[in-house]
Amino acid sequence: MLETFLFPRETHGSLISSLSGGEKRRLYLLKLLMTKPNVLLMDEPTNDLDIDTLTVLEDYLNSFGGAVITVSHDRYFLDKVADKLLILNDEGKPGVFFGDMSEYLLVSSQKDSEAAKQESKKASAPVLAQDAGKEKTKWTYMEQKEWTTIEDDISELEEKSLTLQSAMAENASDFEKLTQLQQELDNTEAALAEKWERWEYLSQFAKD
């Protein structure tokens, strides 16, 4: 493996003290990998690595037969080695995305754009003068009907979300299928979030 990590045969007898900083880091990395781990936990692995070492690391991880769990702010590194992302949103809530970082950023940008359009529509919606200043104290007829089924609706959406996540794991190597499933999962999660918002709103009247 020394040659794989850019140590030509004529350098194999060299003293470690004679190696450069980049070569020492490469040798240390090689020493760890020669223990043949089946799981790698890596925290910002691209920090302080030169280009040669980074290239070797990326090539090794792409052929690694075990699991790799890494934390990194290096988008280009993640694009090359990651096929499943655990994302924390602005509220600190975790979410799973099947794909690389560039794909996630593209999907996220599209969702933000759609959300901005929806907010714009809500902001421009007229407010009826007769509703201004009134404090609602009970359900409308339609809201009462909605309350009777909303928990079942939530359960169905949660089950659908789990089914889609399982399907994505089974089709991890099929990018086209993954994209389709990811879009369906995003729509399901959005519908689920909306149902929970409605549940919280309606529940305040159910307690009266």
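The values are calculated or read from the model by the stated rules, or taken from the named source; none is laboratory data. What you are looking at is a predicted structure, and each value in this text was computed from that prediction instead of being measured. Cβ placement follows ideal geometry from the backbone for every residue including glycine, while neighbour counts extend to all protein chains displayed.
Here are a few things to note about the model shown:
- The residues listed here are 113, 108; of these, the one that is at pLDDT below 85, surrounded by 11 or more Cβ atoms within 10 Å (Cβ to Cβ) and closer than 26 Å to residue 87 by Cβ is 108.
- Which numbered condition residue 129 misses (of (1) modelled with pLDDT of 70 or more; (2) outside the structural domain of residue 194 (by TED's automatic domain parsing); (3) among the small types (Gly, Ala, Ser)): (1)
- Looking only at residues in region 46-94 that are free of Cβ contacts under 8 Å to residues at least 24 places away in the same chain and among the β-branched types (Val, Ile, Thr), the one that is nearest to residue 23 (Cα to Cα) is 51.
- In the set (1) touching a residue at least 40 places away in the same chain (Cβ under 8 Å); (2) in contact with a Lys or Arg (Cβ under 6 Å, 6 or more places away or on another chain); (3) closer than 29 Å to residue 79 by Cα; (4) not aliphatic (A, V, I, L, M), residue 171 fails one condition alone, (1).
- In region 20-32, residue farthest from residue 66 (Cα to Cα) [restricted to those that are surrounded by 10 or more Cβ atoms within 10 Å (Cβ to Cβ) and either at pLDDT below 70 or touching a Phe, Trp or Tyr at 6+ places or on another chain (Cβ under 7 Å) (or both)]: 22
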